[in-house]
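K.L.:
Supplied in structure tokens, the structure appears directly below.
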Amino acid sequence: MGIFDKAKDLAAQHSDKLRSGVDKVGDVVDQRTGGRHADKVDKGQAAVDRLIERNERRGGTTPPPPAPPA
């Protein structure tokens, strides 16, 4: 399992925290730029949200653990 697979698994497990973080970052960017780039920030937030949703549907990438020997 590579580092990207681990990241996808963590993202699937903590999608609510990711969404909250993305929203907070977007709010900070809007505040610091005076809303001049709000359309771009919103577009970026939507793109990240779509990625999170797609990853949730896939349930991460970790295969199920092997069955214990009998």
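K.L.:
Can you name every residue in region 15-34 that is aliphatic (A, V, I, L, M) and over 14 Å from residue 51 (Cα atoms)? Break it down into steps so the answer makes sense when it comes.
P.N.:
If we filter region 15-34 for residues that are aliphatic (A, V, I, L, M), which is where we start, we get 18, 22, 25, 28-29.
Answer for region 15-34, where residues must be aliphatic (A, V, I, L, M) and over 14 Å from residue 51 (Cα atoms): 25, 28, 29.
K.L.:
Quickly run through region 11-44 and pick out the residues that are assigned to a helix (DSSP H, G or I), free of Cβ contacts under 8 Å to residues at least 40 places away in the same chain and either within 20 Å of residue 57 (Cα to Cα) or of a type in the set (Gly, Ala, Ser) (or both). If you could, list the steps in order and put the result at the bottom.
P.N.:
Kept after step one, since they are assigned to a helix (DSSP H, G or I), are these residues of region 11-44: 11-13, 15-33, 38-44.
Going one step further and asking which of them are free of Cβ contacts under 8 Å to residues at least 40 places away in the same chain, we end up with 16-33, 38-44.
Passing the criteria: 16, 17, 18, 19, 20, 21, 22, 26, 38, 44.
K.L.:
If you don't mind, another one. Report the residue count in region 19-57 for those that are surrounded by 14 or more Cβ atoms within 10 Å (Cβ to Cβ) and modelled with pLDDT of 90 or more.
P.N.:
Summing the residues that are surrounded by 14 or more Cβ atoms within 10 Å (Cβ to Cβ) and modelled with pLDDT of 90 or more in region 19-57 gives 12.
The values are calculated or read from the model by the stated rules, or taken from the named source; none is laboratory data. These numbers were taken from a predicted model, which means no experiment stands behind them. Glycine gets a Cβ as well: all are built from the backbone with ideal geometry, and neighbour counts include every protein chain shown.
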